[in-house]
1. In the neighborhood of T528, defined by Cβ-to-Cβ distances under 12 Å, what is the net charge if each Lys or Arg adds +1 and each Asp or Glu adds -1?
2. Net charge within 15 Å of L259 by Cβ-Cβ distance, Lys/Arg positive one each and Asp/Glu negative one each, not counting L259 itself?
3. Quick check: with the 1.4 Å probe, what order do M177, M30 take by accessible area, largest first?
4. Just the C-alpha atoms of region 85-198: what Rg/Rh do they give, with Rh taken as the Kirkwood radius?
5. Non-local amide H neighbours of G103 (under 5 Å, H modeled in plane, Pro and chain starts lacking H): which ones?
6. What spacing in nm lies between the two simple spin-label points modelled at E387 and E281, each 7 Å away from Cα in the Cβ direction?
7. Once amide H atoms are placed 1.01 Å from N in the peptide plane, what residues at a sequence separation of 5 or more from R38, or on another chain, have their amide H within under 5 Å of its amide H?
8. If amide H atoms are built 1.01 Å from N in the plane of the peptide, which residues on other chains or at least 5 residues away come under 5 Å of the amide H of E490?
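The values are calculated or read from the model by the stated rules, or taken from the named source; none is laboratory data. Computed from a predicted model, the values in this text were never measured in an experiment. Backbone-built Cβ (ideal geometry, glycine too); neighbour counts: all protein chains shown. SASA here: full protein model, heavy atoms, side chains in, ligands and nucleic acids out. Shrake-Rupley method; radii C 1.70, N 1.55, O 1.52, S 1.80 Å.
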Amino acid sequence: KQIKKWLNEKEPNRTLEYKIKSADGRILEMLLQATYTRDEDGKPLGGMVVGHDITERKEAARNLQIQEERLRLAQKAGKVGVFDWNMKTKKVIWSEELEDMFGLPPGGFAGTYEGWTKFVMPEDLERLELFLEKWLQSDRDEEQWEFRMRRADNNEVRWIAARARVFRNRQGKPERMIGTNIDFTDTKNTETEMQRLNETLEQRVRERTSEVEQQADQLRALAARLSQTEQHERRRLAQILHDHIQQLIAAARMQMGWLIQDYETEQQKEKAEEADNILKEAMEASRSLAIDLSPPVLFEAGLIAALNWLADRVKVKNDFSVEIIADSKAEPANDEMRSFLFECVRELLFNALKHSGVNEAKVELIRTRDNLIKLTVSDEGQGFDPEEFNKRMTSSNAFGLFSIKQRLSYWGGQMKLWSLKGDGTRVTLTVPGQEKDTGAPDDAAEKSREQDETMRISDKSDSCRVLIVDDHKIMREGLVGIFRFEPDIEVVGEATDGPQAIELAEKLQPDVIVMDINLGEMSGVEATKKILKDHPEIKVIGLSMNLDKEVVKAMRNAGACAYLTKDHLSRDLISTIQGCFEE
């Protein structure tokens, strides 16, 4: 029918699509092309017809149409807008989703680059155009960026994330850019809110930490006050026993002695002797109690004499030998300090007697060159696992050591405990040679203490001098807190970035620098290189959350002697510092 129709038309060329069934049963799609010749009257004289199998091409076209439909559906579902910028013709094509994103009706976009810039916030436009200019001059084909725009329909400001690919000619000049826009305002607002909440949380954490630290200081002060009150009360009770009770008992025994000598019957004599024996036992119990409460030798002859007395008493009562090694220069000048250290030794010897499994211990008392009083109590007994001990530090079995540690902190001292199963225990206490004034600190002293918390600069000493470099205040305070209980480690300074670390390394000459890797513009690696270039004798320990091998390698190549993660700092860091100092 179509061919007959063509014969009646004057058009010489015609095409027709139709389907046929092949011999093997397949349905083929065909394209028929016909050309006719006609005489002078327009009647067809003849023609040529060519048939083409276009089955595959039609199938490909249908698949392409399906893919395009899928893409359109994905764009609508994901609210993704697509643009196509022809830089030669300066025309820009937007998808319907992109027009809707910018608050325009279908076909409402001007179709030019300038038309797009009208939507971009002025604060972002200059930055964005500079970015695009640099990108198009580079050899990068793909790039992504963010900007703010104002919708045409309601003037609402929205955040847009763009990603695009540029196509270049043979000379490398960009000719076309195809990309996508996604409105991520909700995500951006969520991030902003999360950031605000994090900042608020950090502020609350800082405030809470400050409150906790203040309460801890108050509790330590209270513990020290309670300890002092206990010692005063012990001494007062001992004085009452000595000055009153024992005097009364002695007077009673004198009267009883007269009865024993001047008796009328043997029965009276026996009763008087029995009463005298009771009074004698009371006197011995009173004396023993007074000595246990507050040994007179402690205040009359000093700490060293009291330690020797304690060793003799433990030997007699418990058959436990205590070797005393004491330097006379280490004698505290303050009665409260003497009493405190004496009670510490008594508590530690009691622990050794109860838990060590041996019958001897050693007590060493020295004064260091930096005017610290160092007291060590050690034994070669069965020891224990320090990690297990730390978990039960506040339990009843370990409360004595916990109490010692807290009271030491108030006095400005430290406790270091070392133990190993089967290899004994050693507890070292250090306190300042110039004892702490237990009265309320004046404003000047408090101000000085606050300054010391942020920067400690001290002379060379036997302790390992450590400089802490970290851009997080919370992290620096945590490290200072770790080292506070280590008598052989002294924090002499804190730096927040690389340049300050270099300056303080030159000024303070520390033995060890604990160096954070991520410090901002100047990394910990770069700062380490510069410091060790001028001061190769300083040991640098890298500190980070990053376990990337390349980062570790870079820090090692910079000259760091060790690299530790933040997620494992206390024992590992202290041991590493001590190892560096011993070298």
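1. Summing Lys and Arg as +1 and Asp and Glu as -1 gives +2.
2. On the way: positive: R253, K269, K271, K280; negative: D262, E264, E266, E270, E273, E274, D276.
It works out to a net charge of -3.
3. Working: M177 5, M30 25 Å².
Descending order: M30, M177.
4. Rounded to two decimals, Rg over Rh is 1.00.
5. A152
6. 5.3 nm
7. L45
8. Result for E490 returns C464, R465, V466.
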